[in-house]
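K.L.:
Take a look at this one; I'll ask things after.
Nothing in this text is a laboratory measurement; each read-out follows from the coordinates by a stated rule. Small disclaimer: the values here were computed from a predicted structure and weren't measured. Positions of Cβ are generated from backbone atoms using ideal geometry, with glycine treated the same way; all protein chains shown enter the neighbour counts.
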């Protein structure tokens, strides 16, 4: 189980996360919605240990990310896909994917490459393994980014606005892959602006506003008139996003 | 007096030997500079304050003292410590240390130019600090630093002429011998001057080609 | 000669050497600045034949070792042109030309840093080429050039150490003399090195001050 308890994060004088509680069971798909600056990306960065907590506790399968000794173990259990892909520019797609499995999981190179090729084929990039990131389109890069995260066989996949830097067509490609993963039972924490998509694949929706967790509801309840829509802030957010 | 290059003919093999020696010195010293420069760049980007300070002092000192003085310091000073090495080795060491001060700047800016997100991606995938540095940070920094490192190499080729002052008969040292044997210093040094200029020109073209080749994959424009 | 330890007079000797180094540095920097600027103006007016020659000469001087240039002037010129040349004269001529070459390159890129559109706009308003140079290009280009020029001067101070090789009794030559007499290379070269270091730092400091003043000046003009 992935668990955040009373998480607090402060940048300077701004409170970015203010007492956030969240738990994700294996097999669940949880989407985190909220306007820019609501703290949703920061929550992801706290879960994978890129930001230090100013209060509270985050555990990934009982491993506390604030404890340096346990962080490595916690990171092995989660995989992150970034908004701007963050691929290693000097390595081919295949090398991007196999680096961590070989170095961290000690997989033999041949095995890591076999698995990486299978992942690339799964996302429709079976023939682009030897391409460098600069030779790939944005959508293709993000698909490599997803493969890189999956190659570590994480129990939790953290997705941080993974389609924000992509045009609509590429977005559709990437979302299609994520939908496949969701159907296949991959556990996901999904920070996004794609509300309709979140509605289709999520078990639960979490709404953050100004660092506070406003609601944490099953998807149907979130979109129902008596559930999430009853909260003015959420209704306002949803109507604004649908207009855009 | 007539400008007569033909008098140099018989001496070309000798000059060529000097040029080869120059090339050997520069090749070894540029490797030394890059290794030293990388270590110093690490120290300068490290979080330990004394280490940063020490690295900065080294760069500052060796950039602001004439190379000839540095060279004499090593050439005359090392035997004082009981370290007896020949002029060739002294030259390589002195050039490496002086070049390292410049190379560290180039590599340091290469490190600082890496997008933080790339390092973060490596961190969250559980790679150790050592692996992140050797497999990701350093390779990217060295690629983007190729051009400034090429400038360090060009400078090194020119500076290596100073090694003639400690009796090393590299190209300039050989030139001095030929000039005094033939009594035609004008022709000898004019040819040397043009040769050095042509050589450094060729090296900078080669470095540019290498830069383009190695950085094909690097320019990460977001689609 | 028997070696002997340091005497109080050695301080005078060192200061004399420093004086010669700094004096030659100042003289050749001044000549070089003037000459380099004149070359750049020749290029600006595209004086036929002459400006290509200037460019070629500058490239040649920039890309060849100063030591070889010194040997060419000190040994080569007297032999070829049948002129007399003292070490100080050879040093002055060589360093001035060398500095001029770098000044020329800096000035050219400074002029190029001023946008074409500005120059064309000024020409459309009926300003002569000279007026454009004086009022539009000059102020902006000098603000742009002062940083690289300071770096150049710091470097040229170190280059002066090479004139010791042709026998000018500058700071490095004094170091040589003391080194041979006292056989205390560590002390001698450390002291000599620190003197150069202090002088370099002084130049850099004065340069930064000048740069700040010029920057403020040109920023005010831009309003």
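K.L.:
Peptide C:195-204: average number of partner chain Cβ atoms within 10 Å per residue?
P.N.:
Working: counts 2, 6, 8, 1, 1, 5, 2, 0, 1, 1.
What the average comes to for C:195-204 is 3.
K.L.:
For a test of the definition: using alpha carbon positions, the gyration tensor, and the 1.5 limit on a/c, classify chain B as rounded, prolate or oblate.
P.N.:
Values: a/c = 3.25, a/b = 1.74, b/c = 1.87.
Oblate is the answer for chain B, as a/c is 1.5 or above yet b/c matches or exceeds a/b.
K.L.:
For residue B:3 paired with residue B:147, estimate the spin-label separation in nm (one decimal), with each label point 7 Å from Cα along the Cα-to-Cβ line.
P.N.:
With each label point 7 Å from Cα toward Cβ, the separation is 3.5 nm.
K.L.:
Now for a separate question. How do the peptides C:135-142, A:151-158, B:207-214 rank, highest first, by the average count of neighbouring beta carbon atoms within 10 Å per residue? Spell out each step's value before the answer.
P.N.:
Values: C:135-142: 17.1, A:151-158: 21.2, B:207-214: 13.9.
By packing density, highest mean first, the sequence is A:151-158, C:135-142, B:207-214.
K.L.:
Provide the packing ranking of C:76-84, B:197-205, C:119-127, i.e. peptides ordered by the mean count of other C-beta atoms within 10 Å per residue, highest first. Show your work: numbers first, answer last.
P.N.:
Details: C:76-84: 14.3, B:197-205: 16.0, C:119-127: 12.7.
Ranking, from highest mean packing down: B:197-205, C:76-84, C:119-127.
K.L.:
So what are the three principal axis dimensions of chain A from its Cα atoms, in whole Å, longest to shortest?
P.N.:
Result for chain A: principal-axis Cα extents of 53, 42, 33 Å.
K.L.:
Hey, can you rank C:186-192, A:111-117 by average C-beta count inside 10 Å, highest first?
P.N.:
Values: C:186-192: 20.4, A:111-117: 18.1.
The packing order, highest mean first, is C:186-192, A:111-117.
K.L.:
Of all beta bridges DSSP finds with both residues in the protein assembly as shown, what is the antiparallel percent, to the nearest 5? Display every interim value, and only then the final one.
P.N.:
Details: 21 of 37 bridges.
Around 55 percent of the beta bridges assigned by DSSP in the protein assembly as shown are antiparallel ones.
K.L.:
Here is a further query. Across the residues of A:139-149, average count of Cβ atoms on other protein chains within 10 Å?
P.N.:
On the way: counts 1, 1, 3, 1, 0, 0, 1, 0, 0, 2, 3.
Neighbouring Cβ atoms belonging to other protein chains average 1 per residue here.
K.L.:
Okay, moving on. Once you order the gyration tensor axes a ≥ b ≥ c over the Cα atoms, which shape class does segment C:9-222 get: rounded for a/c under 1.5, otherwise prolate or oblate by comparing a/b with b/c? Show your work: numbers first, answer last.
P.N.:
On the way: a/c = 3.49, a/b = 1.68, b/c = 2.07.
Because a/c hits 1.5 or more and a/b fails to exceed b/c, segment C:9-222 counts as oblate.
K.L.:
Let me ask you something else. Using a basic spin-label model with each label point 7 Å from the Cα along Cα→Cβ, how many nm lie between residue C:182 and residue C:9?
P.N.:
Simple spin-label model gives 1.5 nm for this pair.
K.L.:
Using a simple spin-label model with points 7 Å from Cα along the Cα→Cβ vector, what separation in nm is obtained for residue B:81 and residue B:61?
P.N.:
Distance between label points: 1.1 nm.
K.L.:
Continuing with the same structure: Rounded to the nearest 500, what is the 222 nm mean residue ellipticity of chain A from helices alone, with -39500 (n - 2.57) per DSSP H run of 4+ residues and division by all residues? Walk me through the numbers before you get to the answer.
P.N.:
Values: 9 runs with 96 residues, N = 244.
Roughly -12000 deg cm²/dmol at 222 nm, from the helical runs in chain A.
K.L.:
While we're here: Rounded, prolate or oblate: which fits segment A:43-112, taking a ≥ b ≥ c as square roots of the Cα gyration tensor eigenvalues, rounded meaning a/c under 1.5, else prolate when a/b beats b/c? Spell out each step's value before the answer.
P.N.:
Details: a/c = 3.23, a/b = 1.65, b/c = 1.96.
Oblate.
K.L.:
Let me ask you something else. What average number of partner chain Cβ atoms lie no more than 10 Å from the Cβ of the residues making up C:165-176?
P.N.:
If you average over the peptide's residues, the count of other-chain Cβ atoms is 2.
K.L.:
Do me a favour and compute the ellipsoid semi-axes for segment C:1-125 from its Cα gyration tensor, root of five times each eigenvalue, largest one first, whole Å. Mind dumping the intermediate values first?
P.N.:
On the way: eigenvalues 306, 77, 23 Å².
After scaling each eigenvalue by five and taking roots: 39, 20, 11 Å.
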